[in-house]
Amino acid sequence: MDIPKIVVSNKKSTRDKEVEKIAKICDLMGKRTALIDLQTDIWEKIEEINKQLLPLMPKKKKRYDSNVY
């Protein structure tokens, strides 16, 4: 009586490798987008604070120098 052999292949197919690559790209792009959004939010808050701060700051004296254009 012949018993069939079960062969298990742990090698990843080309398709599986491509799917993993695309999944990693999507994950990294999502993280990058989240950081860009966070950075934008921070800069908007800085701009709001600067708008409130600048009127309170003393005026800078203008320097007149013949070498400055």
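The values are calculated or read from the model by the stated rules, or taken from the named source; none is laboratory data. Bear in mind that the values here come from a model prediction, so they are computed numbers and not experimental data. Here the Cβ is made from the backbone with ideal geometry for all residues, glycine too, and neighbour counts use every protein chain on show.
If a residue must be at pLDDT 95 or above and either in a loop (DSSP other than H, G, I, E, B) or polar (S, T, N, Q) (or both), how many such residues does region 1-39 contain?
2
Looking at region 9-30 only, could you name the residues that are touching an Asp or Glu at 6+ places or on another chain (Cβ under 9 Å) and either in contact (Cβ under 8 Å) with a residue 12 or more places away in the chain or hydrophobic (A, V, I, L, M, F, W, C) (or both)?
Correct list: empty.
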